[in-house]
1. Out of the stretch 382-422, which trypsin sites (Lys or Arg not before Pro) are coil in DSSP terms and have no more than 10 other C-beta atoms within 10 Å?
2. Please go through the residue pairs Lys273/Lys348; Lys273/Lys407; Lys39/Lys357 and name each one whose alpha carbons sit more than 20 Å apart in this structure.
3. Once you've got the Cα coordinates, tell me which of Lys245/Lys442; Lys53/Lys304; Lys275/Lys337; Lys22/Lys353 are over 27 Å apart.
4. Solvent-accessible area of Phe382, probe 1.4 Å, all protein chains present, reported in Å² to the nearest ten, please.
5. Ordered by packing density, taken as the mean number of other Cβ atoms within 10 Å over each peptide's residues, highest first, how do 99-106, 182-189, 165-172 rank?
6. Only bridges with both residues in the stretch 329-452 count here: give the DSSP antiparallel percent, nearest 5.
7. So, with a 1.4 angstrom probe, what is the percent of accessible area on the stretch 396-452 that is carbon and sulfur?
8. Take the alpha carbon atoms of the stretch 250-265, find their center, do the same for the stretch 309-373, and report the distance between the two centers in whole angstrom.
Amino acid sequence: MRPSAFFLKPRSGSRIPVVRAKIREIFMPALSSTMTEGKIVSWIKSEGDVLSKGESVVVVESDKADMDVETFYDGILAAIVINEGETAPVGAAIGILAETEDEIAEAKAKATSQFSSATAPSAPKVEESPPAPKVDAPSPAVAAAPAPSTPGKVVATPYAKKLAKQHKVDIGKLVGTGPFGRITPEDVEKAAGIKPASKSIVAAPAAPVASSAPAAVPSKAPSSFTETPGSTVVPFTTMQAAVSKNMVESLSVPTFRVGYPIATDALDALYEKVKPKGVTMTALLAKAAAVALAQHPVVNATCKDGKSFTYNSSINIAVAVAINGGLITPVLQDADKLDLYLLSQKWKELVEKARAKQLQPNEYNSGTFTLSNLGMFGVDRFDAILPPGQGAIMAVGASKPAVLADKDGFFSVKNRMLVNVTADHRIIYGADLAAFLQTFSKIIENPESLTM
């Protein structure tokens, strides 16, 4: 079964008693393990079109790729619930499928009622939520100010401290009105006698009673982030949101970094030989990393629950690729078992699919070790952020001439690159990483074995 296929099934009778089996909802499918919502890129079929089982109906943008989505049933596309450009959570109905023309009118009525029922609960929620803050919000804002004062410790925002220093205000004598007694910039301005700033903030929530709660939230934003006039706020794309989520998630993993200089003259010479045959430097580095990982399986291991770790049976090298609107990591599966030329051909195919946003989930979410190469941009060295679910990531810098001294004290100029590896310290220790880098260095400095 294709991973991009629709999950089409009739709703249970407990939720909509009137639904007949001949009318089916088209659900937003989960196209990857990290996908929580999808965006409709385009509808391949229009309302009224006859559909055959296995036929592509809609193109959905997941957090990593655009995928054609199929239907499991024959029928007629009676109604489109989610239009092009709109998003819906995984499992939500995006269209209605009717079995025959006789059910089209009923299916459209169902789509209309479903849309209204989805929006109806949201209106009362907005109306009911402000009354609660109306009673509670004003009292904490005023009365809670003196309560949270904590003797012996001053809690203030960075901007408040900066203002206090500029206006020579003793911040230790102030009583904070922010959350948990935190001293805000407004508190400092008030103590310094700067009236306009405090008036503009207080006046906004006081005038409209119904919007007092929402007005209090924006007032906190300028205290930490000063808006520049004329700036434009751009929402994340689906892919950017996924990258952001993964980067934040990676902060929970204790990591450490180890750098290693490697001579690259032999690698550069080999690259010039195999380049006419379609071999890329990325393929050479991925192959070298895979061969080294085979000798140091703990660097290819994974810790997901903080209580145990897994020695992965395959060595799958994920390689970071910048594409329009985001970042993705196509995976070279079983990179240690493929020969260099097949590996390079596979890599070219993956890059083409990545740029066309046509990668399948197993082609970007099955990595066990990640390689990030910024050497082609002239970057000497950099640190990479560990992707969630992996044990290590290697950051490769540019190969550049360097003056080196041998053991006899003679100087020579050789090409050298700096490699930095970020690793999960729960499962990989310094000695493990050092041993892996020594092996990787020997392979790079004697790379002829990569072509065998």
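The values are calculated or read from the model by the stated rules, or taken from the named source; none is laboratory data. The structure displayed is predicted, hence computed values, not measured ones. With ideal geometry, Cβ positions are generated from the backbone for all residues, glycine too; neighbour counts draw on all protein chains shown. Surface areas here come from the heavy atoms of the whole protein model, side chains and all, with no ligands, DNA or RNA. Shrake-Rupley method; radii C 1.70, N 1.55, O 1.52, S 1.80 Å.
1. Details: sites: Lys407, Lys414, Arg416; in loops: Lys407.
Taking the stretch 382-422 and a limit of 10 other Cβ atoms within 10 Å, the loop trypsin sites (Lys or Arg not before Pro) found are Lys407.
2. Values: Lys273/Lys348 18 Å; Lys273/Lys407 30 Å; Lys39/Lys357 13 Å.
From the list (Lys273/Lys348; Lys273/Lys407; Lys39/Lys357), the Cα-Cα distance tops 20 Å for Lys273/Lys407.
3. Numbers: Lys245/Lys442 37 Å; Lys53/Lys304 38 Å; Lys275/Lys337 21 Å; Lys22/Lys353 37 Å.
As for pairs spanning more than 27 Å Cα to Cα, those are Lys245/Lys442; Lys53/Lys304; Lys22/Lys353.
4. About 40 Å², rounded to the nearest 10.
5. Working: 99-106: 14.2, 182-189: 22.8, 165-172: 12.5.
Answer by packing, highest mean first, reads 182-189, 99-106, 165-172.
6. 75 percent
7. On the way: 1690 of 3050 Å².
Roughly 55 percent of what the probe reaches on the stretch 396-452 is carbon or sulfur.
8. When both Cα centres are located, 20 Å separates them.
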